[in-house]
Amino acid sequence: MANHLQDTTTLHNGVKMPWFGLGVFKVEEGPELVDAVKAAIKNGYRSIDTAAIYENEEGVGTGIKEGLAEAGLSREDLFVTSKVWNSELGYEKTIAAYEESLRKLNLEYLDLYLIHWPVEGKFKDAWRALETLYKEGKVKAIGVSNFQIHHLEELMMDAEIKPMINQVEYHPKLTQKELQEFCKSQGIQLEAWSPLMQGQLLDHPVLKEIADAHQKSVAQVILRWDLQNGVVTIPKSTKEHRIIQNSQVFDFELSQEEMKQIDGLNENLRVGPDPDNFDF
């Protein structure tokens, strides 16, 4: 269980990944993005998550470079994730996409590289590319995003290396218990994107009641619920005070009853596309 912002979980290949990080989905290139990444590093975050499709890898790279320099840290102190987009799935294209992400981020390696969506007929070739990058020591860990149980089963039928991470939409209205149990049984670490359901849960009465009882915000309660469920989480924010507030989740604990109450909010409701019915 994570007790500190820089606590890590050990992936099945021995690589340590912070339980908590900064996501930058929908944050456009520019000073706001650079400042957000710098603020996260300055305030103790050691994990940054981006993706090629976010079109902000260059700004993230600038924020990382400046943030590390200002904090007196080295590249090895930070865990950086990016993802290959659907149009680049395929063996050669995925390897090229990885190199392009490195160039934009101005980094020599990534800590984690993910297949962004399980595009049928394409993700297996992309996975072979990730395995090659991993075997060549160009990336510390590899994984997938938005994979359901049947996608993982299909992938692992031919895979030499099991995914280390599955990053999925995960929040109190989409608890994905079966998927989490499956991942746990396979040694695959679950990671949450959109943990706050893009802000749609912040007025929920049950969550507000629990938050009030702990003198915390609803966002803090949800992020704490993630961690107590053993799920890595990467909330997005561009404002420094919110970046700090999001990370202040290590000084309280939800009771078993409160955890059950939050689990009970599940409606299998998505804010993002359904991995089985998307077309892009």
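The values are calculated or read from the model by the stated rules, or taken from the named source; none is laboratory data. Computed from a predicted structure; not experimentally measured. Please note: Cβ atoms are built from the backbone with ideal geometry, for glycine as well, and neighbour counts cover all protein chains shown. For accessibility, only protein heavy atoms count, side chains too; no ligands or nucleic acids. Shrake-Rupley method; radii C 1.70, N 1.55, O 1.52, S 1.80 Å.
The listed residues are VAL119, VAL144, and the only one of them that is at pLDDT 95 or above and either touching a helix residue (DSSP H, G or I) at 6+ places or on another chain (Cβ under 6 Å) or part of a helix (DSSP H, G or I) (or both) turns out to be VAL119. Of all residues in region 254-280, those that are open to solvent by 100 Å² or more (accessible area, probe 1.4 Å) have Cβ atoms under 7 Å from Cβ atoms of residues that are assigned to a loop (DSSP other than H, G, I, E, B) and not hydroxyl-bearing (Ser, Thr, Tyr), 6 or more apart or on another chain, in GLU267/LYS173. Applying a threshold of 8 Å to beta carbon distances and a minimum spacing of six or more residues, or different chains, the list of pairs starting in region 223-242 at a residue that is farther than 14 Å from GLU253 by Cβ and ending at one that is part of a strand (DSSP E or B) and among the small types (Gly, Ala, Ser) reads VAL231/ALA192; VAL232/ALA192; THR233/ALA192; ILE234/GLY23; ILE234/SER47; ILE234/ALA192; PRO235/GLY23; LYS236/GLY23. Residues that are on the phi > 0 side of the Ramachandran plot and open to solvent by less than 40 Å² (accessible area, probe 1.4 Å) were ranked within region 24-79; the one that is modelled with the highest pLDDT is GLY44. For region 230-245, residues that are over 14 Å from PRO18 (Cα atoms) and within 15 Å of the chain's Cα centre (by Cα) total 2.
Anything in region 162-188 that is open to solvent by 30 Å² or more (accessible area, probe 1.4 Å) and touching a helix residue (DSSP H, G or I) at 6+ places or on another chain (Cβ under 9 Å)? List them, or say none.
LYS162, LYS173, LYS177, GLU178, PHE182, GLN186
Just one of the numbered conditions (1) aliphatic (A, V, I, L, M); (2) more than 25 Å from VAL15 (Cα to Cα); (3) not in a helix (DSSP H, G or I) is not true of ALA211: (3).
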